[in-house]
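Visitor: One structure, pasted below without further comment.
The values are calculated or read from the model by the stated rules, or taken from the named source; none is laboratory data. Note that the structure is a prediction, hence the values are computed from the model and not measured. Methodologically, a virtual Cβ is constructed for each residue, glycine included, from the backbone with ideal geometry; neighbour enumeration extends over all protein chains shown.
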Amino acid sequence: MHNNKYLQEEIIRISGVNPSKCMRCGKCSATCPAYDEMEYHPHQFVNMVECGDIEPLLNSKSLYKCLSCFACIDRCPRGVEPAKVVEAVRLTAIRKQGANHMTADDIPAIIEEDTPQQLLVSAFRKYTK
C-alpha cells in the first residue's frame, strides 16, 4: 500500500490536478472520442487516482488510447483536467518500466554533430527523473 500512496502522490504532482474536485458527472467521458476504445474512461482515471487504485491504470491499454485532444478538459465543469491525469499515469507507467532511463554516457553515441544543445538539456531533464 505504501507504494500505491507514493504513486498516487506522484501522479497528482506530475499532473497538477486535484482529483478530489471531481464530482463524477461523467461529462469528460461522454465527450471523449476514444471512449469506446478505452477500458477505463477519463472520469474513472480521476476517481481511481483519488482512491489510490493505481496498479490497474498502470497496466491498462487505455493509457495509450487517450488521444490527448483535451475534449475532456474543455467539458469539465469543475476544471479537473482528466487528460492531464491520464498523461501523468502514462508517464508513471513508462518510468516504472525503466524505458526512459538514460545516463550522460549514453548521449554521445546517439546524437549527431548538429543536434541542438537545447534538445539535449530538455531530454536529459525529462529522462533522468
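Visitor: Would it be correct to say that Ser29 is hydroxyl-bearing (Ser, Thr, Tyr), surrounded by 17 or more Cβ atoms within 10 Å (Cβ to Cβ) and over 14 Å from Ile11 (Cα atoms)? Reasoning before the result, please.
Guide: Values: hydroxyl-bearing (Ser, Thr, Tyr): yes; surrounded by 17 or more Cβ atoms within 10 Å (Cβ to Cβ): yes; over 14 Å from Ile11 (Cα atoms): yes.
So Ser29 passes the test.
Visitor: Just need a number here: residues in segment 1-11 that are free of Cβ contacts under 8 Å to residues at least 60 places away in the same chain and in a helix (DSSP H, G or I). Walk me through it before giving the result.
Guide: So in segment 1-11, the residues free of Cβ contacts under 8 Å to residues at least 60 places away in the same chain come out as 1-6, 8-9.
Filter again for in a helix (DSSP H, G or I), leaving 2-6, 8-9.
Qualifying residue count, segment 1-11: 7.
Visitor: Would a scan of segment 102-117 turn up a residue that is touching a residue at least 40 places away in the same chain (Cβ under 8 Å) and either over 20 Å from Tyr6 (Cα atoms) or surrounded by 14 or more Cβ atoms within 10 Å (Cβ to Cβ) (or both)?
Guide: Narrowing segment 102-117 to residues touching a residue at least 40 places away in the same chain (Cβ under 8 Å): none.
Within segment 102-117 (the criterion being touching a residue at least 40 places away in the same chain (Cβ under 8 Å) and either over 20 Å from Tyr6 (Cα atoms) or surrounded by 14 or more Cβ atoms within 10 Å (Cβ to Cβ) (or both)), the answer is no, since none of the residues qualifies.
Visitor: Residues Glu50, Glu39: which one is surrounded by fewer than 20 Cβ atoms within 10 Å (Cβ to Cβ), in a helix (DSSP H, G or I) and not assigned by TED's automatic domain parsing to the domain that holds Phe124? Don't jump to the end; show me each part of the working.
Guide: Numbers: Glu39 fails: in a helix (DSSP H, G or I).
Going through Glu50, Glu39 in turn, just one is surrounded by fewer than 20 Cβ atoms within 10 Å (Cβ to Cβ), in a helix (DSSP H, G or I) and not assigned by TED's automatic domain parsing to the domain that holds Phe124: Glu50.
Visitor: Right, next: Quick test for you: out of Ser68, Ser20, pick the one residue that is assigned to a loop (DSSP other than H, G, I, E, B) and either out of contact with any strand residue (DSSP E or B) (no Cβ under 6 Å at 6 or more places or on another chain) or under 22 Å from Phe124 (Cα atoms) (or both). Spell out the reasoning first.
Guide: Working: Ser20 fails: assigned to a loop (DSSP other than H, G, I, E, B).
Ser68 is the lone residue from the list that is assigned to a loop (DSSP other than H, G, I, E, B) and either out of contact with any strand residue (DSSP E or B) (no Cβ under 6 Å at 6 or more places or on another chain) or under 22 Å from Phe124 (Cα atoms) (or both).
Visitor: Now, a different point. Taking Lys21 and the conditions (1) loosely packed, with under 15 Cβ neighbours inside 10 Å; (2) free of Cβ contacts under 8 Å to residues at least 40 places away in the same chain; (3) not aromatic (Phe, Trp, Tyr), which numbered condition does it fall short on, given that it satisfies the others?
Guide: Only one criterion is unmet by Lys21, namely (2).
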